[in-house]
């Protein structure tokens with residue numbers, strides 16, 4: 001088999017990835033460690049070169065910061081207009097995303113990738129704008145400082161003492177096609193700052209005393225160089241993996257140490273740790289499960305892997321039949337440069353016949369260095385542990401004996417028909433092969449030995465004795481025993497490997513189910529309960545979940561009735577784990593007196609709680625794979641809880657924004673529209689107070705009338721504001737009763753008599769109008785607002801028509817006037833809050849909430865409202881209200897029901 005044959009799945013994935021990237025724009029980031037290192041300058045210089053080569057380059061947003069040399073590089077480059085956004089009395093200058101998409105250049109320059117956009121723009125962050133441009137097929141060049149990377153935020157704040165608020169996810173940097181490091185020594189940067197080339201003199205002086213200290217700049221420079229080197233290493237790995245079966249590229253050092261059940265593995269691990277530290281290399285500890293290990297072997301191997309994790313290694317458990325080949329394959333996959341393996345004592349003839357893992361590694365390693373650490377003669381003191389002796393599988397031994405008996409019976413029949421002994425041997429070998437696929441190692445070996453003895457006793461002359469007449473039968477016995485043992489060993493090992501593969505498959509399936517369920521749910525209670533049940537199933541025991549509340553206190557949210565929750569010490573351990581973000585509890589070196597193993601729920605922002613697990617098999621979590629599974633589950637839950645919290649915060653923020661908008665609009669309406677009636681009342685009342693005796697009766701009556709009218713207008717305005725507030729909050733309770741529409745229309749017209757003075761009101765209500773199940777006060781307010789709106793915009797002396805008719809089991813109401821009507825296109829907008837129309841005169845009274853109240857009233861009744869212009873001039877507003885079912889029967893004095 002050709003080991004260099006490409007993996008078809010990887011080839012397909014790479015082709016699909018390349019197709020996606022081909023359709024998407026390319027992202028190039030000019031990366032630096034502080035402001036002033038020359039990122040924008042370098043970007044503009046490269047853009048000028050591209051423009052000279054005929055590339056369609058457009059400047060979307062560049063911040064020159066008042067630097068003359070940077071501004072000079074903008075000459076000749078097309079620049080998109082800015083988008084100005086009002087914010088607290090000023091206008092903010094922002095990147096115009098829609099203009100960039102409409103222009104669609106080949107290359108767009110967008111400075112300051114981590115910038116936070118102003119409120120009201122499509123995206124909250126500029127990097128989201130850039131991603132939309134990339135999806136549209138536009139290449140983007142941008143700039144970024146190292147302090148804006150989210151994962152480094154805490155590190156940088158600890159170094160500089162400055163908390164950077166504008167950050168972006170690490171994934172943004174990872175998705176960049178190119179990263180160009182713009183570097184400058186801290187001394188040169190400080191010199192530029194002192195010369196005023198970065199900030200104004202006063203700003204520069206403050207910066208030198210805080211963020212731009214030389215020690216801070218040196219640390220930031222190291223972080224930026226490390227980020228660039230890490231990205232370069234990823235590019236090297238991607239290029240290397242494109243070559244199937246390629247040897248490691250020794251561009252960096254990485255160690256791999258082989259771990260087994262031997263106590264001497266501790267010395268090998270410590271040696272590998274020292275070697276990795278001496279060359280500043282990553283190191284990986286790997287155990288190979290060949291399928292032939294017992295429970296004690298797996299437990300000892302797990303203990304050594306845990307030691308490797310404590311020493312700082314990345315640990316893995318691999319499945320493979322050939323240890324050396326499995327290690328070499330993994331080493332090539334991870335670009336390992338050195339393999340560390342232990343040499344243990346072995347009988348010379350076994351080394352000659354079977355060889356050793358070390359010999360095979362050296363034979364297959366290629367360019368990988370192999371370090372052999374001696375483990376001979378070392379005494380390792382292990383902690384005393386109590387091992388429960390496994391019960392003897394007597395049923396399997398009895399089944400093996402039964403199979404031997406059946407084989408002997410079949411052999412006797414064959415022998416009686418004159419078949420040779422070689423044919424009888426086949427029956428026994430078939431029985432051994434069959435038993436090996438069903439039975440464990442002990443019964444399989446015992447059956448192979450017993451089969452040889454039974455064959456010798458029953459079929460080899462002289463029969464029924466263990467004596468051998470022909471020495472050639474010794475070869476038959478040896479081959480028969482060897483084949484039986486080989487078949488049994490291979491079958492047992494294959495079964496163990498299958499079991500290990502199935503276990504890994506189960507883990508993958510469990511993680512998939514947990515991920516899918518958590519992604520489909522929302523709400524802390526549902527997420528916690530679902531995750532708790534999944535963890536109970538995965539680890540086969542008890543689970544508790546502690547989650548922080550809004551006040552930061554840790555509370556038990558799952559597993560209240562478990563034995564874990566009953567132990568008071570577990571609550572203290574969970575609190576310690578949540579506060580420190582580290583593993584603790586049973587089976588660990590931290591707080592081992594707990595009855596469960598606790599893992600922190602670490603999200604992307606903070607630790608949201610802790611999860612405790614107590615499997616029925618006490619040693620199950622000793623396996624590093626099981627620990628990693630638990631940590632992965634905990635991470636999934638933590639991220640889901642954070643996601644849910646973020647959604648709630650976003651909803652609350654949106655509510656606060658809408659509430660603030662409503663409050664500002666109400667204040668604006670109150671400040672403008674209440675001022676007029678208040679001014680009229682104040683003027684009339686002050687005139688009466690100052691000149692009451694000198695005024696004639698008619699003047700005093702006019703002033704009193706003005707006060708009354710303005711007070712009534714003010715009362716209506718306040719009433720509308722209160723109605724809008726109640727309806728917008730969603731807390732209004734509807735008092736539905738059966739009413740005749742004629743009574744409600746009459747009451748509304750009576751209350752509007754003063755406003756309707758000088759106008760003709762024409763009512764046309766069908767005699768067969770049914771009763772409707774409505775809130776009479778709300779519908780009356782609706783009619784008053786519609787009539788008042790018509791009176792405002794209809795000319796004096798015109799006719800306002802109020803009509804009603806049956807519509808199915810409901811009714812239709814219409815209020816029509818002969819005014820100027822609605823502006824074309826405003827028919828739907830007139831019901832929006834505070835919308836007064838494009839053609840409204842500035843001196844026209846009104847807050848723009850009357851029709852909004854009408855729509856809110858209709859909505860709570862389950863009806864609909866629409867506006868349109870009348871033929872011949874004017875406007876019509878139509879309201880359709882559902883009937884609400886069959887009205888109650890009216891009973892007259894005689895007790896007979898009367899149809900209403």
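The values are calculated or read from the model by the stated rules, or taken from the named source; none is laboratory data. The structure presented is a predicted model; accordingly, all values stated were derived computationally and were not measured. Cβ placement follows ideal geometry from the backbone for every residue including glycine, while neighbour counts extend to all protein chains displayed.
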Filtering the range 168-184 down to residues that are farther than 14 Å from residue 31 by Cα and either touching a helix residue (DSSP H, G or I) at 6+ places or on another chain (Cβ under 7 Å) or outside the structural domain of residue 46 (by TED's automatic domain parsing) (or both) yields 169
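For (1) more than 30 Å from residue 708 (Cβ to Cβ); (2) in a strand (DSSP E or B), each residue gets a yes or a no:
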| position | (1), (2) |
| --- | --- |
| 743 | no, no |
| 753 | no, no |
| 758 | no, no |
| 773 | yes, yes |
| 780 | no, no |
| 789 | no, no |
| 796 | no, no |
| 819 | no, no |
| 823 | yes, no |
Conditions (1) modelled with pLDDT of 80 or more; (2) closer than 21 Å to residue 795 by Cβ; (3) surrounded by fewer than 18 Cβ atoms within 10 Å (Cβ to Cβ) -> residue 859 fails only (2)
Answer yes or no: is there a residue in the range 77-96 that is within 27 Å of the chain's Cα centre (by Cα), in the same structural domain as residue 56 (by TED's automatic domain parsing) and either farther than 21 Å from residue 46 by Cα or surrounded by 16 or more Cβ atoms within 10 Å (Cβ to Cβ) (or both). no
Per the filter on the range 89-109, residues in contact with a strand residue (DSSP E or B) (Cβ under 8 Å, 6 or more places away or on another chain) and assigned to a loop (DSSP other than H, G, I, E, B) are 95, 96, 105, 106
Checked the range 544-579 for anything on the phi > 0 side of the Ramachandran plot and surrounded by 17 or more Cβ atoms within 10 Å (Cβ to Cβ); matches are 559
Whether any residue in the range 585-594 is under 30 Å from residue 260 (Cα atoms), surrounded by 22 or more Cβ atoms within 10 Å (Cβ to Cβ), at pLDDT 85 or above and in contact with a helix residue (DSSP H, G or I) (Cβ under 6 Å, 6 or more places away or on another chain) is what I want to check. yes
Within the range 749-770, of all residues that are within 20 Å of residue 807 (Cβ to Cβ) and touching a helix residue (DSSP H, G or I) at 6+ places or on another chain (Cβ under 8 Å), the one modelled with the lowest pLDDT is 769
Considering the range 329-344, residues that are surrounded by 19 or more Cβ atoms within 10 Å (Cβ to Cβ) and under 11 Å from residue 258 (Cβ atoms), and then whichever is farthest from the chain's Cα centre (by Cα), we arrive at 342
When the range 29-82 is checked residue by residue, the ones that are under 17 Å from residue 224 (Cβ atoms) and in a helix (DSSP H, G or I) are 39, 40, 41, 42, 43
The residue from 132, 112 that alone is over 24 Å from the mean Cα position of the chain (by Cα), over 18 Å from residue 230 (Cβ atoms) and free of Cβ contacts under 8 Å to residues at least 60 places away in the same chain is 112
Per the filter on the range 868-881, residues in contact with a helix residue (DSSP H, G or I) (Cβ under 7 Å, 6 or more places away or on another chain) and closer than 12 Å to residue 793 by Cβ are 877
The one condition residue 191 fails out of (1) in contact (Cβ under 8 Å) with a residue 60 or more places away in the chain; (2) exposed (fewer than 13 other Cβ atoms within 10 Å of the Cβ); (3) under 21 Å from residue 42 (Cα atoms) is (1)
Answer with yes or no whether residue 432 is under 30 Å from residue 265 (Cα atoms) and either crowded, with 17+ Cβ neighbours inside 10 Å or at pLDDT 75 or above (or both). no
